[in-house]
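Only one structure is covered here, and it is reproduced in the block below.
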Amino acid sequence: MSLPEQMRQKLAAKALQRQLERAGAQAAAPFEPDRVTQQERASLARFEDMPAYQQVRIMRQMGTTLKVESPFFRVHEGSAGATTRIGGAEYINFANYNYLGLSGDAAVTEAAKQALDRYGTSASASRMVAGERPVQRELERALANFYEVEDCVAFVSGHATNVTVIGALFAPGDLVIHDSLAHNSIVQGAQLSGAKRLSFPHNDWQALDALLARVRGEYRRVLIAIEGLYSMDGDIPDLARFAEVKQRHAAFLMVDEAHALGVLGARGQGVREHCGVAPTDVDIWMGTMSKTLAGCGGYIAGSTVLTDMLRHLAPGFLYSVGLAPALAAGSLAALGALCAQPERVMRLQANGQRFLARARKAGLHTGTSAGYSVVPVITGSSMKAAVLANALFEEGINVQPIFYPAVEEAAARLRFFICSTHTDEQIDYTVDAVARLVSTCR
Ligand code: PMP
């Protein structure tokens, strides 16, 4: 491409980026009823005029302007692990969190098949109304044992677990205070609860401590929500310090283990094993079945008082269908495999460390990643992330770019999910390809 053409594209992309930011600001702007004209009123009843749709349209236009094919919604032709088939071709795959290779594992699939034959495809109603299938409860008991806490309750979606649990437990007059990089589901739950929502700088327990020292007295109950391993940056909180802070300020501590279960600790027990913290130092253990556990859904593990309350009152449990028995059986078998085969965890950790060390040596910007299941390569612009992801796809590597507004524009990146099933050769080939291509992408 000629230099003037490159310049023209760069300017067009910058203009679209500004439009995107304006549409985002418009979506968040307060409504001023007195200033709405008749013409604007008609526009308020059209989906195509909604700021959210404008954002989608501008993102599409960016792809066309930059002649970059969209990396989203690619169709995979089989179960996706360290490799995957897309459009009839084989790719090395870093775009999913099948961390221990248990989705597609023969024993896990067989357990799900047996439950499918016995119970059918759906639980067909809420568990409170329609009753339990033994396998749902077995999974909950196995998770409670794994966390060494009294009980556990399983929900049909990980995202909905955070939303409904935080939404049900907290109320106006309370405070939900979360890490600035906490997952969207935590933020949504806090918003639903009607509690005051604040955030503290990423992983900064001292800032949290200072903030609570100032404001704790203004609220009834306080929830501190953090993650065991952060899904965009791959770094880990100092859990012992957070537990001390929660104790000092009479708060509840909730830890989202979505990306930490089966990943951290010698036995894959998550951030508590990694940090040497007692299970009961955390009030609410949350996790998902969609990563290490090869299924779908979320869980809360903790005291019987907590799970009792959620089982009877959390709308996302009470008014939602029970976890599909086949999915429960698959996740139960995956949990069994995690306990019986800690070598999978060791292999994942070795892979993460290998990827991170090689990437750092090549001068790639991996941010604060600790080198476990998530390693980002920060490109500094959405455009560069998209172009780099497409260039890697051409070389047989499937990885997702993360754009604004999911992260700040300057923090746009490729996010590599590392699995136990990746080989040394796949990791070395990939890091070398990123290092070679990153400087050629604008
Ligand atoms: N928590 C975290 C930290 C996540 O990254 C995600 C998304 N994978 C969720 C919760 C929601 O889980 P699920 O995708 O299983 O609904």
* Structure fact -> Sorted on mean Cβ neighbours within 10 Å (highest first), peptides 278-285, 35-42, 81-88 come out as 278-285, 81-88, 35-42
* Taking the dipole about the Cα centre of region 106-340, with the C-beta of Lys and Arg at +1 and of Asp and Glu at -1, give me whichever of L253, Q136, S122 is farthest to the positive side. => S122
* In whole Å, how far is the Cα centre of region 107-152 from that of region 1-79? -> 42
* Which of the residue pairs K113/K291; K14/K361; K361/K384 have a Cα-Cα distance greater than 29 Å in the structure shown? -> K14/K361
* Asked: About its Cα centre, how strong a charge dipole does the chain have in debye, to the nearest 20, once Lys and Arg get +1 and Asp and Glu get -1 at the Cβ?
  -> 880
* Asked: Straight-line reach from K196: which lysines have a Cα under 29 Å away, not including same-chain ones fewer than 8 places off?
  -> K246
* Separation in nanometres of the label points that stand 7 Å from Cα toward Cβ, at R436 and S70 -> 3.1
* **chymotrypsin sites (Phe, Trp or Tyr not before Pro) restricted to region 1-92 and DSSP loop, no more than 13 other C-beta within 10 Å** => F31, F72, F73
* Structure fact -> Restricting to aspartates and glutamates and to Cα separations under 19 Å from K67, and discarding same-chain partners fewer than 8 apart, the set is E5, E394, E395
* For the charge dipole of the chain, defined by +1 on Lys and Arg C-beta atoms and -1 on Asp and Glu C-beta atoms about the Cα centroid, which residue among G380, S103, A243 has the Cα displaced farthest towards the positive pole? -> G380
* Using mean Cβ contacts within 10 Å as the protection proxy, how do 213-221, 371-379, 230-238 order, highest first? -> 371-379, 230-238, 213-221
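Bear in mind these aren't lab numbers, they're just calculated from the coordinates by the rules spelled out. Keep in mind the model is a prediction, meaning the values are calculated, not measured. Cβ atoms come from the backbone with ideal geometry, glycine included; neighbour counts cover every protein chain shown.
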